[in-house]
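Reviewing the structure listed below.
Where a number appears in this text, it was derived from the coordinates with a stated rule and is not lab data. Quick caveat: nothing in here was measured; it's all calculated off a predicted structure. Using ideal geometry, Cβ is built from the backbone for each residue, glycine included, and neighbour counts are taken over all protein chains shown.
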Amino acid sequence: MILCFELSMPNVGSWNNRWSGEKDFYAKVFNLGRSKEATLKAQSILDTGSFYHNFGDGWGASISVRKVDSNEARSIRRKTKGFCGYDWMVNEIITFGEIRQKE
C-alpha cells in the first residue's frame, strides 16, 4: 500500500505569522508493501488521518495521510519540494503510529 504524507504548518511562530514555505507542496510518498502486517499498519495510519506536532515555540506541524496509487505517487514525487527536513516525523508515524518528541 502506498501512502502520501503531506506537510503543513498550521501554527506559525514567526514575526509576521507566515511560513516561508506555505505556497509550496511538501509531500513524501512511502510504499509500506503488500504484506498483511503492512496493510494493517497502513490502515491504522489512515484511520488516524492526520498527525500534529507542537514544537513548543509557537510552531506546529501537521501531517495528513492518504492512500495513493502508483500513478499518483509518481506525480507527487515530481511535484514535491521535499519534506523540509521533517522526514523524521514520517518515520515516527510509520514506526510508532504517532509523532513523538524529537530528542
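Some points to look at:
- Computed FRET value (nearest 0.05) for Asn71 with Ser20, which takes r as the C-beta separation and R₀ as 30 Å: 0.45
- Taking other residues whose beta carbon is less than 13 angstrom from the beta carbon of Ala73, and scoring Lys, Arg as +1 and Asp, Glu as -1, yields +4.
- Most positive-pole-ward Cα, Ala73, Gln43, Asn17, against dipole of segment 2-96 from beta carbon charges: Ala73
- Residue ranges 65-77, 2-14 sort as 2-14, 65-77 when ordered by packing (mean number of other C-beta atoms within 10 Å per residue, highest first).
- At the listed q of 0.18, 0.21 Å⁻¹, the Debye profile of the chain, built from one uniform point per Cα, gives log10 I(q)/I(0) equal to -0.87, -1.12.
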